[in-house]
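Following: one structure in structure tokens, then a few remarks.
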């Protein structure tokens, strides 16, 4: 049985009519020992079926280790959203854990963003990102019932689009308790930057820029 | 299996039925008065409000000086009458919390818990019950046990004891939500009695998991890496530490509530918004009314009057009129 209702499929088909460039979803899954692997794969496949501009590839995390390493995937379920087609590009946009609840909006918005190729960030933030000389890893911890969280996730993903040195991960906090414990996550959204700096809440981009500068100082 | 994908879709705000002429944030006398006038002028009107007892009027017990309403009447009852009047003209009210705004987009976007709404004009009417200061330890442990969103963070406290601090619909609703996860919920209420809608008070007092502590103040959130307790003091009693791992704070104060604007509009030192004679802020199509302004006496009738001025200006803005048109009778 489909996860997406018929009326929601119709709505998304209309949204996806505006897609400019092809988008590829890559899902890393495993038949056993992964709580939401099946549902994460189903979400990607059902979304991809709604537009000929969206394609999906599914890999078994264990049997396709070399591909997982190529995309720097270290936990599952994982979803990569990247530009597809002849000019394929991996921006470093990742979802770790199921993109359900409010996070379903993040995956749809990411598809629209990646297809447009425009992060929509301010000139100030773009200028900072283009001058980066070291890597920035943003891990945004979320729960599916958090209405504030997609704002933080999308901001990390917009930033990832602006520089090959920036990676933006959504991390579903309840599915990865070892990471939640490691980073003392008891409230979401919480963005951890380069292991050292963190930001609570859904911050505007200019506030996040301050934290990013702190992380690479 | 319900994965809540509808939540995500509602959050995208693209649905046609989420498009309004005017979205009013705050359902007190100011916002509701705007809604009465804009709905009557055939503008598609949405009011987003946290609850009848969320604002200054909603928690006032006896009012006898509102013109035309001899009273005494409770604030919540007076607001309810105003809402019914606005609804009779076609305004829609939803109980929700605004979590973000984009005032620069066209149309403007209003993000709330249940969805994202678009609006040609936005009216800010969130009042002045924001907190002026936090208690010791609150900022330090934010995200490490201190939370303002039980829906977001409740799952981190499964089988643990937590405290909810506050006394309004939101605090009681969040305390009840937390009973799904927590082993025990202390409800710390600063005043001697609960002030929320009757059914919420009933559910709270009936819940085996909730211990209500009336007339008790929160003094400090304590912990090491994470929260380990809250120090509270009952009125006339000795301080005590409740061993909890979560502190959900819903206290109120006397500061204009503008945090959801995320600095998209400038505020004065006192935290107030500035408007022109038509209640318009620095951003065209964005209006502010009532206790968000620091320019006048904080009375319901004055907030209501602000709301009417804004409604007339909203109509002028949306229809591109050069002059105010006040012929709605």
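The values are calculated or read from the model by the stated rules, or taken from the named source; none is laboratory data. None of the values given here were measured: they were computed from a predicted structure. Positions of Cβ are backbone-derived with ideal geometry, glycine not excepted, and every protein chain shown enters the neighbour counts.
Check whether at least one residue in the range A:207-216 is at the interface with another protein chain (Cβ under 10 Å from one of its Cβ atoms) and not in a helix (DSSP H, G or I), and report yes or no. No, the range A:207-216 has no match at all.
Scan the range A:169-206 for residues that are in a loop (DSSP other than H, G, I, E, B) and more than 9 Å from every other protein chain (Cβ to nearest Cβ) and the total you get is 6. Residues of the range B:10-35 that are more than 14 Å from the chain's Cα centre (by Cα), modelled with pLDDT of 95 or more, under 22 Å from residue B:105 (Cβ atoms) and assigned to a helix (DSSP H, G or I): B:34 alone. Checking A:56, A:47, A:27 one by one, the residue that is outside any loop (DSSP other than H, G, I, E, B), surrounded by fewer than 21 Cβ atoms within 10 Å (Cβ to Cβ) and either assigned by TED's automatic domain parsing to the domain that holds residue A:79 or at negative phi (or both) is A:56 and no other. When the test is whether a residue is part of a helix (DSSP H, G or I) and within 23 Å of residue B:8 (Cβ to Cβ), residue A:119 does not pass it.
In the range A:1-23, what residues are part of a helix (DSSP H, G or I) and closer than 18 Å to residue B:7 by Cα? Talk me through it step by step, then tell me what you get.
Taking the range A:1-23 as the starting set, the residues that turn out to be part of a helix (DSSP H, G or I) are A:6-16.
Scanning the range A:1-23 gives A:6, A:7, A:8, A:9, A:10, A:11, A:12, A:13, A:15.
Which is buried (at least 19 other Cβ atoms within 10 Å of the Cβ), at pLDDT 95 or above and touching a helix residue (DSSP H, G or I) at 6+ places or on another chain (Cβ under 9 Å), of A:165, A:132, A:113? Among A:165, A:132, A:113, only A:113 is buried (at least 19 other Cβ atoms within 10 Å of the Cβ), at pLDDT 95 or above and touching a helix residue (DSSP H, G or I) at 6+ places or on another chain (Cβ under 9 Å). Pairs are defined by a Cβ separation below 6 Å, a sequence spacing of at least 6 or placement on different chains, a first member in the range B:1-28 that is more than 9 Å from every other protein chain (Cβ to nearest Cβ) and farther than 24 Å from residue A:101 by Cα, and a second member that is assigned to a helix (DSSP H, G or I) and modelled with pLDDT of 85 or more; the pairs so defined are B:21/B:318; B:22/B:38; B:22/B:314; B:24/B:31; B:24/B:34; B:24/B:35. Across the range A:168-217, the number of residues qualifying as surrounded by 18 or more Cβ atoms within 10 Å (Cβ to Cβ) and without any contact (Cβ under 8 Å) to a residue 12 or more places away in the chain comes to 1.
Every residue in the range A:93-110 that is assigned to a helix (DSSP H, G or I) and more than 17 Å from residue A:54 (Cα to Cα), please.
Here is the first cut: in the range A:93-110, the residues assigned to a helix (DSSP H, G or I) are A:103-110.
Matches in the range A:93-110: A:103 only.
Does at least one position in the range B:191-200 carry a residue that is in contact with a strand residue (DSSP E or B) (Cβ under 7 Å, 6 or more places away or on another chain) and not in a loop (DSSP other than H, G, I, E, B)? Within the range B:191-200 (the criterion being in contact with a strand residue (DSSP E or B) (Cβ under 7 Å, 6 or more places away or on another chain) and not in a loop (DSSP other than H, G, I, E, B)), the answer is no, since none of the residues qualifies. What is the residue count in the range B:184-207 for residues that are within 19 Å of residue B:161 (Cβ to Cβ), buried (at least 19 other Cβ atoms within 10 Å of the Cβ) and without any contact (Cβ under 8 Å) to a residue 40 or more places away in the chain? Adding up the residues that qualify gives 4.
Answer yes or no: is there a residue in the range B:289-296 that is modelled with pLDDT under 95 and touching a strand residue (DSSP E or B) at 6+ places or on another chain (Cβ under 8 Å). Yes, some residue in the range B:289-296 is modelled with pLDDT under 95 and touching a strand residue (DSSP E or B) at 6+ places or on another chain (Cβ under 8 Å). Might you let me know whether the range A:81-93 holds any residue that is within 14 Å of another protein chain (Cβ to nearest Cβ), in contact with a helix residue (DSSP H, G or I) (Cβ under 9 Å, 6 or more places away or on another chain) and either at pLDDT below 95 or crowded, with 23+ Cβ neighbours inside 10 Å (or both)? No, there is no match, as no residue in the range A:81-93 is within 14 Å of another protein chain (Cβ to nearest Cβ), in contact with a helix residue (DSSP H, G or I) (Cβ under 9 Å, 6 or more places away or on another chain) and either at pLDDT below 95 or crowded, with 23+ Cβ neighbours inside 10 Å (or both).
So which of A:12, A:19 ends up being closer than 13 Å to residue A:108 by Cα and within 11 Å of chain B (Cβ to nearest Cβ)?
Details: A:19 fails: within 11 Å of chain B (Cβ to nearest Cβ).
Exactly one of A:12, A:19 is closer than 13 Å to residue A:108 by Cα and within 11 Å of chain B (Cβ to nearest Cβ), namely A:12.
Return yes when residue B:290 is on the phi > 0 side of the Ramachandran plot and within 18 Å of the chain's Cα centre (by Cα) and no when it is not. It is true that residue B:290 is on the phi > 0 side of the Ramachandran plot and within 18 Å of the chain's Cα centre (by Cα). Among the candidates B:210, B:227, the residue that is within 14 Å of chain A (Cβ to nearest Cβ), in contact with a strand residue (DSSP E or B) (Cβ under 8 Å, 6 or more places away or on another chain) and surrounded by 15 or more Cβ atoms within 10 Å (Cβ to Cβ) is uniquely B:227.
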